[in-house]
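A.B. asks: Input: one structure, supplied below.
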Amino acid sequence: MSCPVNTFNKSKEDFIWFVKKAVTDKKSYSHSELYHSLLKLFVDADTNKDGLVSKASFSKLIDAAAAMPRAYGYAPIDSELYKTEAEKDAARQKMFDSMDLKSTGVITFDEWLKFCHEHIAAKTATMDPHPIIDAGSVDQYKNFIKAAVETPTSPEAVELYWYMLEIFTEHDTDKDGIIKMSEFPAMMNEFLTTAKKHSLTTPTEVDYDTLFKKYDPRNDGRLTVDEWMSLAKEEVFKKFL
């Protein structure tokens, strides 16, 4: 039986940011989201409902977990990894043994979680979720922003959209879809890091209160996602063009 692919409703770039954040920051929402996703996969493979995954169910567990990165093009299909079923079985047995830390012949959830975190950390260590935003030159960054702002349907616009959502959701500490004034300065400081690195003109901390109020039309001390997007576009990105 095929398994539904859980793509976390993220873009390809956002997926890498998400998993890197999940394995490096245990206090993050990303960590919690990944934890529950891996738990769901484990529970589905726990056919006896005894808190254990047997060797018989292990391969299906790996297949289900691999479906996520494969959906984004980050993992090869089995036919590219293994020439024969025997080769696949041998590889899975080796993986099972490396995960079975207690040598009990079954996998416990903590063993599964430890293996996944270490595997993800190793695979994503050298990957940039946003190459231009994270590591590009000042000209690359400005060209990226220009394309994103001027062409809403461009790949740059999609990537920037997800980047802005990442920052918003990370600083929405109580996960109510709203940024409060108390959360706004930290969000702005993170958001402006790249622009400041390139010595571009950006709002200063003394401007934050004014900016927040300008894009809070209800004057209720709450900033929604669309208001955050408008603020970033009008008060920061368009200043670079």
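The values are calculated or read from the model by the stated rules, or taken from the named source; none is laboratory data. If you're wondering where the values come from, they're calculated on a predicted model, not measured in any experiment. Here the Cβ positions follow ideal geometry from the backbone for every residue, glycine too, while neighbour counts run over all protein chains shown. Side chains are part of the model used for accessible areas, which takes the heavy atoms of the whole protein and leaves out ligands, DNA and RNA. Shrake-Rupley method; radii C 1.70, N 1.55, O 1.52, S 1.80 Å.
A.B. asks: Being among the polar types (S, T, N, Q), closer than 23 Å to TYR72 by Cα and at pLDDT 90 or above is the filter here; which residues of region 103-155 pass it?
C.D. replies: THR153, SER154
A.B. asks: Working only within region 198-211, note down all residues that are of a type in the set (A, V, I, L, M, F, W, C) and either farther than 13 Å from LYS239 by Cα or part of a helix (DSSP H, G or I) (or both).
C.D. replies: As a first pass, look at region 198-211 and keep what is of a type in the set (A, V, I, L, M, F, W, C): 200, 206, 211.
Within region 198-211, VAL206, LEU211 qualify.
A.B. asks: Can you find even one residue in region 206-229 that is within 27 Å of the chain's Cα centre (by Cα), loosely packed, with under 15 Cβ neighbours inside 10 Å and among the polar types (S, T, N, Q)?
C.D. replies: Taking every residue of region 206-229 in turn, none turns out to be within 27 Å of the chain's Cα centre (by Cα), loosely packed, with under 15 Cβ neighbours inside 10 Å and among the polar types (S, T, N, Q).
A.B. asks: Another one. Check ALA232, ALA186, ALA195 and return the single one that is open to solvent by 20 Å² or more (accessible area, probe 1.4 Å) and either among the aromatic types (Phe, Trp, Tyr) or in a helix (DSSP H, G or I) (or both).
C.D. replies: ALA186
A.B. asks: Shifting gears a bit: What number of residues within region 195-220 satisfy the criterion of being in contact with a strand residue (DSSP E or B) (Cβ under 8 Å, 6 or more places away or on another chain) and in contact (Cβ under 8 Å) with a residue 24 or more places away in the chain?
C.D. replies: The total comes to 1.
A.B. asks: Which residue pairs have Cβ atoms under 7 Å apart, sit 6 or more places apart or on different chains, and have a first residue in region 156-181 that is among the aliphatic types (A, V, I, L, M) and open to solvent by less than 20 Å² (accessible area, probe 1.4 Å) and a second that is modelled with pLDDT of 90 or more and part of a loop (DSSP other than H, G, I, E, B)?
C.D. replies: Matching pairs, first to second residue: ALA157/THR151; ILE178/ASP172; ILE178/THR224; ILE179/ASP172.
A.B. asks: Still on this structure, please answer the following. Within region 100-118, count every residue that is assigned to a helix (DSSP H, G or I) and surrounded by 15 or more Cβ atoms within 10 Å (Cβ to Cβ). Before you say what the answer is, go through the steps one by one.
C.D. replies: Quick first cut of region 100-118, residues assigned to a helix (DSSP H, G or I) only: 109-118.
Next, only the ones that are surrounded by 15 or more Cβ atoms within 10 Å (Cβ to Cβ) stay: 109, 111-113, 115-117.
Selection size over region 100-118: 7.
A.B. asks: On to the next question. If you take the residues of region 108-144 that are basic (Lys, Arg) and more than 19 Å from VAL43 (Cβ to Cβ), which of them is farthest from the chain's Cα centre (by Cα)?
C.D. replies: The qualifying residue farthest from the chain's Cα centre (by Cα) is LYS142.
A.B. asks: Something else about it: Suppose we filter region 137-148 for residues that are surrounded by fewer than 19 Cβ atoms within 10 Å (Cβ to Cβ) and either of a type in the set (A, V, I, L, M, F, W, C) or within 29 Å of GLU33 (Cα to Cα) (or both); how many remain?
C.D. replies: 2
A.B. asks: Is it fair to say THR126 is surrounded by fewer than 17 Cβ atoms within 10 Å (Cβ to Cβ) and not hydrophobic (A, V, I, L, M, F, W, C)?
C.D. replies: Spelling it out, THR126 is indeed surrounded by fewer than 17 Cβ atoms within 10 Å (Cβ to Cβ) and not hydrophobic (A, V, I, L, M, F, W, C).
A.B. asks: Let me ask something else. Check region 33-45 and report whether any residue there is in a loop (DSSP other than H, G, I, E, B) and either at pLDDT 85 or above or over 16 Å from ASP128 (Cβ atoms) (or both).
C.D. replies: No, that holds for no residue.
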